[in-house]
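Undergrad: Questions regarding the structure given below will be posed in turn.
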Amino acid sequence: MKRALILLLMLTAGAGSLFAAALGTATRNVIPSDVQQIIAVDYRRMSGSPTAQALHDRVLPDNLKQFEAALKGVGIVPDRDIDQLAFASFRADNQLRFVGIAQGQFSVKKIVTRLRQRKVKPSKFQSSLVYPMGSGMNMSLLDDNTLLFGPPESVKSALQARDGVIESLNSNGKLTDMMPGVDSAPVWSVLDAVGTQNMMRSALGDAARLADYDTVKKRLVGSRYVMDFANGVNFDLDVFTSDRMTAATLSSLMQAGVRFKKMSASGVEKIALDSTSVDSDGEQLKLHFKTDDKRFESLLNSDLFAAVSK
């Protein structure tokens with residue numbers, strides 16, 4: 001298994017982002033029900049960790065660079081103005097779409113004034129004003145502290161969820177039931193069955209080609225993970241399966257992959273694998289990774305990290 005642990009860590013970036021406390025009401029209402037993944041980041045807690053910032057700078061994908069550039073374009077400085085940033089990928093019209101929702105202390109009045117000064121005119125959709133914000137993004141101010149942004153069609157779908165035209169996240173019990181176990185962490189995510197299958201296929205690498213995995217993947221129900229930078233780097237992943245046997249089989253696949261990789265690993269790669277534990281608990285796969293800041297920063301500069309975080 002070439003990608004075991006570190007790719008799982010990097011899925012905070014690869015599936016849509018890097019970066020919260022529990023989602024606010026405005027955020028939950030605006031995310032459509034058919035969600036593949038939600039990622040949330042407590043920006044205040046992240047900004048206080050040099051290690052977290054190094055991870056952010058190293059793996060930030062292109063779509064997040066566009067998000068941050070678009071926010072700066074309307075006068076929002078993420079490190080200063082944002083408390084929480086959430087990203088959601090969801091299905092609409094047979095496509096996978098994504099939106100971002102920023103909550104913070106930014107001034108709506110100042111944002112609108114800046115847009116007017118730049119002669120940016122809004123259009124109306126449903127009951128909301130929608131502004132172009134550059135980088136192919138649109139935005140809509142949900143309330144005095146919450147801003148919705150993303151590609152135009154994604155923003156429209158989100159506003160339809162908020163207005164009750166389509167169902168919102170609140171109607172997706174499978175996903176919302178997983179949130180209370182993780183949503184107090186500085187970085188957390190929940191994934192549906194399809195998102196979990198994609199994640200595990202990438203993480204297992206060559207091991208995903210085994211016949212056992214073809215059977216297992218159909219029994220993956222969902223997953224969630226947290227990252228914490230308070231005392232070193234901690235990453236915990238729970239994968240929910242349909243039964244105990246599936247969880248045990250998946251655990252065995254992961255354990256075998258880690259052992260195989262250790263045979264050819266050296267230096268910082270071996271340290272990363274030694275810091276990983278995999279087990280099953282009832283119907284769940286449990287993966288835990290813990291290391292100190294110095295070792296993790298070395299890992300960020302390793303060939304292994306470069307290979308799995310592309």
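The values are calculated or read from the model by the stated rules, or taken from the named source; none is laboratory data. No experiment lies behind these values; they were computed from the predicted model shown. Reconstructed Cβ throughout: ideal geometry from the backbone, glycine too, with neighbour counts over all protein chains shown.
Undergrad: Filter the range 169-216 for residues that are at pLDDT below 80 and among the hydrophobic types (A, V, I, L, M, F, W, C); which is farthest from Val41 (Cα to Cα)?
TA: Filtering the range 169-216 for residues that are at pLDDT below 80 and among the hydrophobic types (A, V, I, L, M, F, W, C), the one farthest from Val41 (Cα to Cα) comes out as Ala211.
Undergrad: Here is a follow-up. How do the strands (runs of 3 or more DSSP E) wholly within the range 136-201 filter down when requiring 2 or more residues that are under 19 Å from the mean Cα position of the chain (by Cα) and farther than 30 Å from Leu250 by Cβ: which remain?
TA: Hits in the range 136-201: 146-150.
Undergrad: Being modelled with pLDDT of 90 or more and either surrounded by fewer than 17 Cβ atoms within 10 Å (Cβ to Cβ) or among the charged types (D, E, K, R) (or both) is the filter here; which residues of the range 256-291 pass it?
TA: Matches in the range 256-291: Asp279, Asp281, Gly282, Glu283, Lys286.
Undergrad: With within 16 Å of Lys72 (Cα to Cα), surrounded by 22 or more Cβ atoms within 10 Å (Cβ to Cβ), outside the structural domain of Ser223 (by TED's automatic domain parsing) and aliphatic (A, V, I, L, M) as the only criterion, which of Leu147, Leu169, Leu115, Leu141 stands out?
TA: Leu147
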